[in-house]
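Structure, as structure tokens:
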Amino acid sequence: MLRREPEEPWRMGPGPLAGALIDSAQVQVRVLDHLLGVRADPDRIVDGTPDASVLAEHGLTLDSAVGMMRGPVGSEDRRRFRFELGDVASFQIRSPFIRSSSGMGFRKKPGSDATWEAIDPPEGVGALRQQEITNMVLKMADLQAAAIGQLVPEVARASLGLDTPEVEVALTLKGGETLRMSVGRRMTMPGGSVGRMAIVSGRLRIIELRDTDVSKFRKDPTIKWFDPAK
């Protein structure tokens, strides 16, 4: 097994030579270029949206099928969204820490590009922490994938926690476009790291996010986003 961390060289995986450096150029030529050159033959596709029983006939599981769809990520492909802070009009977020099933919403105050207000906030939570909300939007603007794969069939989404996402964010731009992100549960990835799978609007591929990148969206709003003393 070969593995590497983002921006790091390839190394040997678990085993007697664990951690040994590998010639990245050879990995690219002998492995990755071949994988990128694989093309589907429409006359030989068994099933474009297989269920568990179809995968089993070919010796595969949902987890292994998803693992096969993971691939290398170039630096130019890592960033998931393209917008600036000034482009944002409002956003809605739902997570386990928000009691309302519909989540919680925030919007720019009329006439301001820098001041936020909560939409129907809970009673008694205090003043909105402006920088916390700005930081959350900036995190989404700079969100980068640890790995990218294809959009998995519906049957595989439950194994990734994407049938009932743990975190959902909908960000609306001033032009009316809405950007969405659905994040699954925390899990151990095929390479051994801990992260989460996610689906991002406008990108017809599943992506892997580091758990630390998702933590910004998993906050108790009454503690992190509001100041009860004000």
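Rundown of residues vs (1) surrounded by 13 or more Cβ atoms within 10 Å (Cβ to Cβ); (2) over 23 Å from Arg82 (Cβ atoms); (3) at pLDDT 85 or above, yes/no style:
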{"position": "Gly103", "(1), (2), (3)": "yes, yes, yes"}
{"position": "Arg107", "(1), (2), (3)": "yes, no, yes"}
{"position": "Pro110", "(1), (2), (3)": "no, yes, yes"}
{"position": "Thr115", "(1), (2), (3)": "yes, yes, yes"}
{"position": "Ala118", "(1), (2), (3)": "yes, yes, yes"}
{"position": "Glu123", "(1), (2), (3)": "no, yes, yes"}
{"position": "Thr134", "(1), (2), (3)": "yes, no, yes"}
{"position": "Val137", "(1), (2), (3)": "yes, no, yes"}
{"position": "Met140", "(1), (2), (3)": "yes, no, yes"}
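Quick check on Ser159: is it in the same structural domain as Met197 (by TED's automatic domain parsing), touching a residue at least 40 places away in the same chain (Cβ under 8 Å) and under 23 Å from Asp227 (Cα atoms)? Working first, answer last.
Details: in the same structural domain as Met197 (by TED's automatic domain parsing): yes; touching a residue at least 40 places away in the same chain (Cβ under 8 Å): yes; under 23 Å from Asp227 (Cα atoms): no.
In short, no.
Which of the residues spanning segment 74-117 are assigned to a loop (DSSP other than H, G, I, E, B) and closer than 30 Å to Glu5 by Cα? Write out each step before concluding.
At the first step, the residues of segment 74-117 found to be assigned to a loop (DSSP other than H, G, I, E, B) are 74, 80-84, 95-103, 109-115.
Gly74, Arg80, Phe81, Arg82, Phe83, Glu84, Ser95, Pro96 - these are the residues of segment 74-117 that are assigned to a loop (DSSP other than H, G, I, E, B) and closer than 30 Å to Glu5 by Cα.
The values are calculated or read from the model by the stated rules, or taken from the named source; none is laboratory data. Remember, it's a predicted structure, so these values are computed and weren't measured experimentally. A quick note on method: Cβ atoms are made from the backbone with ideal geometry, for glycine too, and the neighbour counts reach across all protein chains shown.
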